[in-house]
Each structure stands twice: as C-alpha cells, then as structure tokens.
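The structure appears below as structure tokens.
Just so it is clear, none of the values below were taken in a lab; they were calculated from the coordinates. This one's a predicted model, so the numbers in the text were calculated from it and none came from an experiment. Here the Cβ positions follow ideal geometry from the backbone for every residue, glycine too, while neighbour counts run over all protein chains shown.
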Amino acid sequence: MKDALVIGGGIAGIQTSLDLADMGIQVHLVERLPSIGGRMAQLDKTFPTNDCSTCILSPKMNDCARHPNITLHTYTEVTALEGTPGAFTARLIKHPRYVDETKCTGCGECVAKCPAKVPDAFDMELRERKAIYLYFPQAIPQVMTIDPNYCIYLDRGKCGACVKVCQAEAIDFEQTAQEIELDVGAVVVATGYEFFDPRGLAQFGYEQCANVITALEYERLISASGPTEGHLLRPSDGQPAKRIGFIQCVGSRDVRHRRYCSSVCCMHSSKQAVLAAEHDTEAESYVFYTDFRASGKGFREYVARAEREYGVHYVRSRVARITEGENEDPIIHYEDVETSRPAKMTVDLAVLATSLIPRPDTAELARVLGIEVDTYGFVETDPLAPVDTTREGIFAAGCCREPSDIPESVVQASAAAARAAGVLPQRSPRAQRK
Ligand SMILES: Cc1cc2nc3c(=O)[nH]c(=O)nc-3n(C[C@H](O)[C@H](O)[C@H](O)COP(=O)(O)OP(=O)(O)OC[C@H]3O[C@@H](n4cnc5c(N)ncnc54)[C@H](O)[C@@H]3O)c2cc1C
Ligand code: SF4
Ligand code: SF4
C-alpha cells in the first residue's frame, strides 16, 4: 500500500503510527519538536490508574523509533499538501538542529560545557536548560539540539565550547533547513492541544501572586524528574506546600471565554490532589469545582477513593478571585454554592485547571491540508464518522479534534489508523518494485 503521513508525535500520533506500521504500512511520523512524546511526556502519573506516565509512554516511543515501517521526522513541519486522496504529495521542512543526528551519541559532554542558560520549555520554565539540550531525558531520538535563539556562536560567532568537547564531531553550524517531499495516500492529524493563557483572567492572580501556578506546572513540580525532584515546593520561598487549592474550569464552560468543558480537568485535579497526599501525608487538598464531570470508566470510583482514602475535600463553588495575603499565601475568594454565601480560604499553593484549547496554528495547518476547523478552532470531524475530517483521505485523532484523555486519544488513534488503512490505495507495480 501507499505510505501514510501522521502529523504530531504525542500519544495519539504515536499510537496511530504503531497501528498502521503493524499492518505493514510505511508511516512517516512528523513532529515539530525535537522529540516525540507530546504532553503525556510532561505528566507525572496518569488517572485513572496512577501509572507512571513515562513508564507507559517510553516503550511506545521506543517501539516507534525501532519499527522498520516507521520513519521519524522530528523537528519537522508540514508546509504543503497537494494532490488527491490516495495520491497526495506532502512537503516538509526539517529545521536545523546544528547537531548531526547520525553522529551524536547523546553523551551530554556539550551540555556540561555550554555557558548559555535558557528557560526550559519542557519544565514549563520552572528551571533552566542550556542552549544545547536534550528535550527531556527519555527523548526520542536521543540527540541534542542547539537553540538558535540562545546559542552564543550562532548569535555572535563566539564560544564553540560544544565543538571543542564533542568527540563525535557532531556539532554542525553549517546545517540548514532541509526540504523533504513525500508521496502519501492518507494523512492523520494528531497535533494535540494548547492551554488557555490564565493571564487573560486577571482575577485568578496568575503571575500576580507568586504561588498561583497552572496544572501543567504542578505536573512538573510533582514529577521526580522535574525541577524540584518531585517535592511540592512553593515557587516563592521553596517551602513545602501543605494546603493546596485546585481551581476548576479556568476559562472553560464560560461563555466569555471557552464555552465547552475541557473534559479532563476534574479528573486531573483529583489525581493531583491524590499525588499531593501520597507525597506528604500532612498535605490537605481542596478542589473548587463547578459541578463534577467524572464520566469515564472507573472515574467516579477514583474520585470517591480520593475523598475517602486521601481526604481530598471537594468544595462546590464558583471562585471569584485569588489575592495574595501574608507570606505570599494565595487567598481564594469564592461563592459557596451549598450555602449561597461568599467565603474565602488561605492556601499555600493555588493550582489553575486552565482550559484545553486548539493549538494556535491549527487553522493554518487546516488551510495547508484543505480541511475545516469547528467553531472552537479544533479540527472539524464528522459526528457519525468521528475521526473523518471534512476532506477525504485525511483523518484526525486525539486533542486536536476535542479535549480527550489518554485512553480516549488512544481509541481515536486506533480508529484513525483503521480508517486511513481502509483508503490507502495499492502502490503501482512499478513503485512496488522500487
Ligand atoms: C495538567 C494535565 C494533566 C493531565 N493528566 C492526564 C491523566 O492523568 N490521564 C489522562 O488520561 N489524561 C491526562 N491529561 C490529558 C492528556 O494530556 C491528553 O489526553 C494527551 O496528551 C493527548 O494527546 P495528543 O497526542 O492528542 O496531544 P499532545 O500530547 O498535545 O501531542 C501533540 C503533538 O503534536 C505536536 N505538534 C503540534 N502541532 C504540530 C505540527 N503543526 N506539526 C507537527 N507536530 C505538531 C506537538 O508538539 C505534540 O508533540 C492531562 C492534561 C493536562 C492538561
Ligand atoms: S553533540 Fe557531541 S558532545 Fe553533545 S551529546 Fe552529542 S556526541 Fe555528545
Ligand atoms: S556554541 Fe552555542 S551551543 Fe555550543 S556551547 Fe556555545 S552557546 Fe552552547
């Protein structure tokens, strides 16, 4: 059969690629960042099983890298798609890493010597990395990338410390962007989600109160591989956070911002509260929720266990604002929906469950691919064929079509792989001989 193109290397794109490859189809997996893995790589544990996220993701990432039918195109984007279903030509652009992927051994000598420090995007800028870096410790491929925005040599022609220590002679400042052309029969879009920027809702105090953070920042803080090695320490003073407030629906279910429910936040906040209790038996968690959406298999039981076994408090409320009190403690002002009275609570750390929103360039990618987006900006799909986009031969899976948890994203990925395989034409006999 003709090759397939998968755009986005998060869990949805990884699963789609593995399913297609296992059917004997050649897959090109395109990921914009230096490594595949997506958001799941940033999570500590996953609801509803509390499995270590990396432990379940890494084997799949490795399978992708080793599979004889999968070609990984990391640090690469799709710039054009022409042709007709079954006979598309895709054009890609591979950005220069300034490191030769075939030579780099991932030894890390260059990182140790690089003098340029940069906020680490993988760790939500809660710590620094170097200008030459591995995107995260389990990154695939295990090769370095030089950040052109911060490299002293690329900026001023000075330094070159990495060149001096690299015994593999992998540093290559002459590298340029590379154009790639592929003939593919079907395309699966799996480009995932972005976060609603809480600075747009000033009442929640993000960046005004030192100890107000987002849920993904919390994932990095509580992760053993994160900036505090898994200790839940306050950004302001590095003291352990003992009393934590989780604020639901920040941007979601709000006609002024995002009308829809982000679907995963009630559960991820419950998980985060459970993790706080597992890390520190003295930690007290309060989840300020609008109404609770725990509709998946085993989810209600998970929440009941969070309350019963971990002492998580669920406060039905509408949070009005967060201010900063003494000692930079966040004060949560809310309406207690049970009593219809205003109330407030002082916590050590407030965690905002911000909405999951479409990636800002989804509309541009949709234009390139000739597909539509819906009223919210996610990839439009057919209600009765839920992984089919508006263009024949192009499918979508995971959070690029709507906010979804990991099991749902995986189901959609397998569905998209099956649909894509179903439309892939046979190669011409001549092409098969090649
Ligand atoms: C704080 C938090 C905690 C969560 N905890 C859980 C949990 O415990 N359990 C659970 O089931 N779910 C959880 N989720 C949901 C989970 O993150 C998603 O279900 C999952 O990440 C969706 O995977 P995806 O592949 O669709 O998207 P993503 O993980 O976003 O991956 C998309 C990939 O596509 C790449 N990409 C984007 N645009 C392009 C482009 N134009 N070209 C090429 N590549 C591109 C991105 O770089 C990324 O690697 C949580 C979410 C949040 C916010
Ligand atoms: S670029 Fe060179 S020094 Fe750096 S990790 Fe790769 S092989 Fe090691
Ligand atoms: S040349 Fe750039 S990447 Fe290499 S050590 Fe210097 S600043 Fe770091």
Inset, instruction - Name the lysines eligible as straight-distance cross-link partners of LYS2: C-alpha to C-alpha under 28 Å, and not fewer than 8 places from it in the same chain. - result: LYS60, LYS94, LYS434
Inset, instruction - Return the lysines within reach of LYS130: Cα separation strictly under 18 angstrom, same-chain partners fewer than 8 residues apart disregarded; answer none if there are no such residues. - result: LYS113, LYS117, LYS158, LYS164
Legend entry - Ratio Rg/Rh, restricted to region 287-434 and using Cα atoms, in which Rh is the Kirkwood radius: 1.16
Inset, instruction - Determine Rg/Rh for region 109-165; Rg is computed over alpha-carbon atoms and Rh is the Kirkwood hydrodynamic estimate from the same atoms. - result: 0.96
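Could you order the peptides 230-236, 391-397, 212-218 from most to least packed, using the average number of other C-beta atoms within 10 Å per residue?
Values: 230-236: 17.7, 391-397: 25.4, 212-218: 22.1.
Ranking the peptides 230-236, 391-397, 212-218 by packing returns 391-397, 212-218, 230-236.
How much of the DSSP bridge set in the chain is antiparallel, in percent, rounded to the nearest 5? Spell out each step's value before the answer.
Values: 43 of 77 bridges.
If we restrict to bridges inside the chain, about 55 percent are antiparallel.
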Inset, instruction - Can you pull a Stokes-Einstein diffusion coefficient for the chain at 20 °C (1.002 mPa s), Rh from Kirkwood over Cα pairs, as a whole number of µm²/s? - result: 93 µm²/s
Legend entry - Cβ crowding within 10 Å averaged over residues, with 37-49, 154-166 ranked highest first: 37-49, 154-166
Inset, instruction - For region 196-356, just the Cα atoms, rotate onto the principal axes and tell me the three extents in Å, largest first. - result: 37, 36, 30
Legend entry - Size of electric dipole in region 109-165: Cβ of Lys, Arg +1 and of Asp, Glu -1, about Cα centre, debye, nearest 20: 280 debye
Inset, instruction - Provide the packing ranking of 347-355, 21-29, 291-299, 362-370, i.e. peptides ordered by the mean count of other C-beta atoms within 10 Å per residue, highest first. - result: 347-355, 21-29, 362-370, 291-299
Inset, instruction - Rank GLU328, GLU372, GLU278 by mean-square fluctuation in a GNM of the chain with C-alpha springs under 10 angstrom and give only the top-ranked residue. - result: GLU278
Inset, instruction - Run down the lysines and flag those whose C-alpha is under 22 Å from the C-alpha of LYS271, throwing out any fewer than 8 positions away in its chain. - result: LYS45, LYS242, LYS297
